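> Just passing along the structure, written as structure tokens.
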Amino acid sequence: MLSKIARVGLVLAFATQCLGQNVSPGIPAEEAAALSSVVEDEPDMVALRKGDESPKLTLYQKALPIPPQAQVKYKITNPVTGKEIWYYELEIKPFTQQIYPNLKAARLVGYNGTSPGPTIIVPKGQESVVRFINNGDRESSVHLHGSPSRAPFDGWAEDEMFPGQYKDYYYPNYQSGRMLWYHDHALGITAENAHFGQAGAYVVADAAEDALGLPTGYGKYDIPLVLTSKYYNSDGTLRSSKGEDQSLWGDVIHVNGQPWPFFNVEPRKYRFRILDASLSRNFDLFFVRSSATSTRLPFQVIASDAGLLERPVQVTDLKNAVAERYEIVFDFSKFAGQSIELRNDHDLDIMTDDDYDNTDKVMKFVVSGTAVTDTSKVPAALRTVPYPPPSTGVDHQFRFHRSNGEWQINGVGFEDVANRVLAKVPRGKVEIWELENSSGGWTHPIHVHLVDFKVIERNGRGVEPYESIGLKDVVWLGKNEVVKVEAHYGPWNGLYMFHCHNLIHEDHDMMAAFNVTQLTTLGYNETTDFADPVDPRWAARPFTQSDFTSRSGPFTAQTINDRVQQLAREQPYSELDQVEQALEQAWANGTPTKRSVEECQKGGPVPRYRRFQV
């Protein structure tokens, strides 16, 4: 009788023989065996061109709203570093928005009663604590997408905050300047919560970036464009995503919460920070003059998910999948007195999105005829991008597929608790992951938490020019696409998620976890272990509505000060330099030994005799 190891070896050999290049050599045997057992559903979805399902709207009738900038409520001294921690509060609460003038208002639930929520802008290196207060309809978990947050502050799907609770999320903000975004991540209801309004922009401002002379001034020449796509009921209310298990495409395109808006601009350069916050719809964006819609206009891509590119890339279209962020500069100086439209190419070959009468249109820019002085510029070089050190081979291979009507990764869904940790990566290691979509019936924008990655290879269309010279945290797997990404898994240890960011797919279980495991050779004693994303020390806490409205109990200035300082004393981020130096030394002479999260102490600060020594 064959041993388990021998049986796995035979399965690996058989899988390699049967699937050929579909199984990468060098991946774990169990992973190869899982890949060999995947039987994918035949697509029963065909991209369609349809008439609208929502009531009709006249395009370009209302101005583009600019999300308000969130205000710092308190500046609290970090007792360890002596620096400030900026404290914010955002309340999850219902509000109404009148989309159709002669129908009912849509009832939404958003941060501070707006959608998108207020834009948080913090300088690079400025730590922040954001208290999210749940006065909404259902549980929530908040993920700051693009932030290297410690696991308990990353928005783990089961780390939920119920109505009548609040949670303090502690963010590091040490990475280079970029546009992040915060959004709901609650288990099984992320799509519904995000669809009804729980998303907002978060910008890390960088002095090095400011010195380049790019268009600046939030809401004036530096403009967020948060794209969504929704359906409305015949009475004007927003159609729920409940019951949808494939994709919710939407037939009404919104920018910053407003369907098909217009924006008055001067004849000069503008910086646009574009985020696709839709549940399922992807975009291929381009500009045209309203008087010549068959001729696309050039523009410059300057940044991606993880900040500035090496240099600007001039293009005439931009592929922007769900959760991706791109920043562009468009120069209106040649179009004084004209109208420019931002449009969506819904004939892109890699898409499977359903299209409607006006889903090929996004918004209009009305250019003033009055000349202005524009001192902004787009330099030929933007920055030196901190790519991960080069690696070779494929460490893990993940297939994103639908089997028996369920969205899965390598045959596993997130609610399969015993099997959902699909990778154990030693802390500080650089790995290459191969991400595969072998279907022509659907596409998947894949997000990996904690890390920035480099897109190093894609079959078919190849790596887009604006993907190849920057770092990202989302990559689009179009029809039948295989992509390789390279990332440095650190600096923190702990359990983190990766998943498809089509939120219908995510909620129907196309999500898994990876474990950045601790090193016995780390050589630095961290004050506190933050490996467990549901550590009760950092969990949501109850409050009473009377305390919230009267600013008593946990909402007094003194209590907030004490709580924030208590968090800071545990040093989730203030030991970054020492940790990075220790990781560099630990990896200097080969592969260190790893230690699983389950071995880490969860009950309090790790005692010195239990911390990790060389």
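The values are calculated or read from the model by the stated rules, or taken from the named source; none is laboratory data. Just so we're clear, the structure is a prediction, and the values are computed from it rather than from any experiment. Here Cβ is always computed from backbone atoms with ideal geometry, including for glycine, and neighbour counts include all displayed protein chains. Each accessible area value is taken on the protein alone, full model and side chains, heavy atoms only, with ligands, DNA and RNA left out. Shrake-Rupley method; radii C 1.70, N 1.55, O 1.52, S 1.80 Å.
> Pairs to check: K104/K242; K319/K377; K429/K484; K319/K472. Give those whose C-alpha atoms are more than 18 Å from each other in this structure. Could you put the intermediate results ahead of the total?
Numbers: K104/K242 20 Å; K319/K377 24 Å; K429/K484 16 Å; K319/K472 14 Å.
Check vs 18 Å cut-off fails for K104/K242; K319/K377.
> While we're looking at this one, here's another question. Starting at the first residue of the stretch 152-158, write each ³J(HN,Hα) from the Karplus equation 6.51 cos²θ - 1.76 cosθ + 1.60 with θ = phi - 60°, in whole Hz, x for Gly and Pro.
x, 10, 9, x, 3, 4, 9
> I'd like the Karplus ³J(HN,Hα) series for the stretch 301-311: coefficients 6.51, -1.76, 1.60, θ = phi - 60°, whole numbers in Hz, and an x wherever there's a Gly or Pro.
8, 10, 8, 10, 3, 9, x, 4, 6, 4, 7
> Something else: Round to the nearest 10 and report in Å² the accessible area of F498, as given by a 1.4 Å probe over the protein chains' heavy atoms.
Spelled out: F498, probe radius 1.4 Å, area about 0 Å².
> If you look at just the Cα atoms of the stretch 173-265, how large are its Rg and its Dmax in Å?
16.7, 50
> I would also like to ask the following. Taking amide H positions as placed 1.01 Å from N in the peptide plane, with prolines and chain starts having none, which residues 5 or more places from Y356, or on another chain, fall under 5 Å of its amide H?
Sorted by chain and number, the residues that satisfy this are K50.
> Using only C-alpha positions, report the orientation-averaged shadow area of the convex hull of the stretch 238-288, nm², one decimal. Write down the numbers at each step before the final one.
Details: hull surface 19.6 nm².
Mean projected area for the stretch 238-288: 4.9 nm², to one decimal.
> For the stretch 119-223, what does the alpha-carbon gyration tensor say about shape, rounded, prolate or oblate, given a ≥ b ≥ c as the root eigenvalues, a/c under 1.5 as rounded, and a/b over b/c as prolate?
In terms of gyration-tensor shape, prolate.
> Return the ratio Rg/(2.2 N^0.38 Å) for the stretch 477-551, where Rg is computed over Cα atoms only.
Numbers: Rg = 18.9 Å, N = 75, 2.2 N^0.38 = 11.3 Å.
That works out to 1.66 for the stretch 477-551.
> Run the helix sum for the chain: -39,500 (n - 2.57) per DSSP H stretch of 4+ residues, divided by residue count, reported at 222 nm to the nearest 500 deg cm²/dmol. If you can, show how the numbers build up before the last one.
Working: 9 runs with 73 residues, N = 614.
Helix contribution divided over all residues of the chain: -3000 deg cm²/dmol.
> Give the long-range amide H neighbours of M363: residues separated by 5 or more places, or on another chain, with amide H under 5 Å away, using H modelled in the peptide plane at 1.01 Å from N.
Under 5 Å from the amide H of M363 lie the amide H atoms of L342, each far enough along the sequence or on another chain.
> Using a Förster radius of 60 Å, what is the FRET efficiency between T520 and S291 based on their Cβ-Cβ separation? Nearest 0.05, please. Could you put the intermediate results ahead of the total?
Values: r = 67 Å, r/R0 = 1.12.
Result of the calculation: an efficiency of 0.35.
> What ³J(HN,Hα) values, in whole Hz, does the Karplus curve 6.51 cos²θ - 1.76 cosθ + 1.60 give for the stretch 225-238 when θ = phi - 60°, with x put for Gly and Pro?
Coupling constants for the stretch 225-238: 10, 9, 9, 9, 9, 9, 10, 10, 6, 5, 8, x, 7, 6 Hz.
> Another one. How big is the chain by the Kirkwood estimate over distinct Cα pairs, in Å? Intermediate values should be presented prior to the final figure.
On the way: mean 1/r = 0.0398 Å⁻¹.
Taking the inverse mean of 1/r over all distinct Cα pairs, the chain comes out at 25.1 Å.
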